[in-house]
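Student: This is the structure, below, for whatever I ask next.
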Amino acid sequence: MPLPENGAPWPPPHLAVPYREMKVNDAWYSGSHQRLTNVYRHGSQRREDGRRRLWGRHRQPHPGKPDRRLHIPLAGDIASASAALLFSEPLALAVTDTGTQSRLDELVDAGGLTNTLLEAAEVCAALGGAYLRCTWDTELVARPLLTVMQPDRAAPEFSYGVLSAVTFWRELHGGDTATVWRHLERHERRQILHALYHGTPDSLGRRVPLTEHPDTAGLAGSLGADGDAIATGIDALTAVYVPNLPSRMYRGSMFGRSDYDAPIHDLMDSLDETWSSWMRDIRLARARLIVPDSYLRDHGPGRGASFDDDREIWQGLAIPPTESAGITLSQFAIRVAEHDSTADRIVRQAVQSAGYSVATFGMEDTGAITATEVKARQRKSMTTRKQKAGYWAPELAEILHVQLMLDRVLFSRSIVPERPRVTFGAAVSDDPTSVAQTLSLLTQAQAASVDTRVRILHPDWHDERVQAEVDHILAETGQAVPDPMQAGALT
């Protein structure tokens, strides 16, 4: 499908449902009171149990008084935990050619790949998917750039479950309530197309030259003879999509699901309601003194009156000796245990429904335990991590392969681009003593070769480094010398 025609509705109508779901999940992920209020006041204001949502209620606070509703950023914590499980430890990326391996390591370090992947993984967990895009700017840096693109600003096209093309879009400054400037960037095999449109909030409007807006004027000099395409020089798509599958609400769809999809929204809304109620108890339970009007100090006409609770000696008052002083202390109880227990149960259920162990969120006292015990307590999180890694690995390998190909074509690198092997780092580092005992037992039982034992100890090493270490070990232990009987030297 080429670039859209003038006057095409935008965003594309067939993406209305996924975009709407992403907007709700984005509001929870952002932690913004205003976004949550806007989403639920103009959408579904009731939970599945029929109760009106906390953020769908119309509150009219008194002038000068803030909105007392409290938001707990559980959604952001879930997305952050998901990203940390996958990419808190650097990836092991290996190719066979040593020159290509060195260049790949340079690209990883210079581009801050780990930080890029942490950002993408958070977005993927929150909105159901994320895009990684390869682009370049020869005047900026002499290497291809790997960037994260947002799923609610992308119009993908799939063929047999494979991304065949994608159009990224952004709104540019300079518009107003009636007009919108949009830049569309379409990635196809062998080329990237750019277009600028001047339209309305729900229509692309008319296509205009890229030079008519300062944000896109610089692209005009890079376009080909047809006026809108930049040739990449490689037979591959310069973008990949990592979905958070499977989608429960839309079976068979390539659009992923958020970690806290619709069923967990109600739990997070209930959590905010619980904490808001708890804070209300604290406000109401503040100690207050109720005193007669005569105890107040008059500050003069129009200046009100006040009660000095630090005053130790009072002037004589005409109070009968049979009556009390008239000062009453008012202080309500705070239902700490009830609120704490309710909030804890809600968080536990939400975390487990999202696919994680509560221990991942520090809700169990782990104390000083081994890595094996940590993994046992976080078994559900480790299972979810493994499932997500299965979706990430092939797309990462593909986009890194594309980056190497662009590096050779655009920057004349003498490398042999190949698809790297991606190995995820350990989510929980093993105790060195435990690893040493395991290797010792394997050696005594003669159940693993030297090569296998080296790979267990150093899972992030590539084949050449592993082989070099094996050769060193064999040489030091004398095992590198061939057995004469085995070599046939003696008969």
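Student: Run the 1.4 Å probe and let me know the accessible area of Y241, rounded to the nearest 10 Å².
Tutor: 10
Student: Expressed in nm to one decimal, what extension gain is obtained for the pair Q387 and T200 from 0.36 nm per residue of sequence separation less their Cα-Cα distance?
Tutor: 63.2 nm
Student: Label points 7 Å out from Cα along the Cβ direction at E157 and A178: separation in nm?
Tutor: 3.5
Student: Report the extension gain between L442 and R52 in nm, rounded to one decimal, defined as 0.36 nm multiplied by the number of residues separating them, less their alpha carbon distance.
Tutor: Using 0.36 nm per residue and subtracting the Cα-Cα distance, I get 134.3 nm.
Student: How far, in nm, would the chain grow between D235 and T114 when pulled straight, counting 0.36 nm per residue and subtracting the alpha carbon separation?
Tutor: 40.9 nm
Student: Does the stretch 186-252 classify as rounded, prolate or oblate by the C-alpha gyration tensor (a ≥ b ≥ c root eigenvalues; a/c under 1.5 gives rounded; else a/b over b/c gives prolate, otherwise oblate)?
Tutor: Here the stretch 186-252 falls in the oblate category.
Student: To the nearest 0.05, how large is the calculated FRET efficiency for Q352 and E89 if R₀ is 35 Å and r is the Cβ-Cβ distance?
Tutor: 0.90
Student: Using a 10 Å cut-off on Cβ atoms, rank the peptides 465-475, 383-393 from the highest mean neighbour count down.
Tutor: So the peptides 465-475, 383-393, ranked by packing, come out 383-393, 465-475.
Student: Estimate the FRET efficiency between Q150 and N6 by the formula 1/(1 + (r/R0)^6), using the beta-carbon distance for r and 35 Å for R0, to the nearest 0.05.
Tutor: 0.85
Student: Could you compute the FRET efficiency for I334 and R20, with r as their C-beta to C-beta distance and R0 at 30 Å, rounded to 0.05?
Tutor: 0.15
Student: Tell me the relative contact order for the stretch 93-184 as a rounded percent, counting alpha carbon contacts under 8 Å between residues six or more apart.
Tutor: Averaging sequence separation for qualifying contacts and normalising by length gives 15 percent for the stretch 93-184.
Student: Here's something else I'd like to know. Which shape class applies to the stretch 126-240: rounded if a/c is under 1.5, otherwise prolate when a/b exceeds b/c and oblate if not, where a ≥ b ≥ c are the square roots of the Cα gyration tensor eigenvalues?
Tutor: The shape class here is oblate.
The values are calculated or read from the model by the stated rules, or taken from the named source; none is laboratory data. Just so you know, these numbers come straight off a predicted model, no measurement behind them. Positions of Cβ are generated from backbone atoms using ideal geometry, with glycine treated the same way; all protein chains shown enter the neighbour counts. With ligands, DNA and RNA removed, areas are computed over all heavy atoms of the protein, side chains included. Shrake-Rupley method; radii C 1.70, N 1.55, O 1.52, S 1.80 Å.
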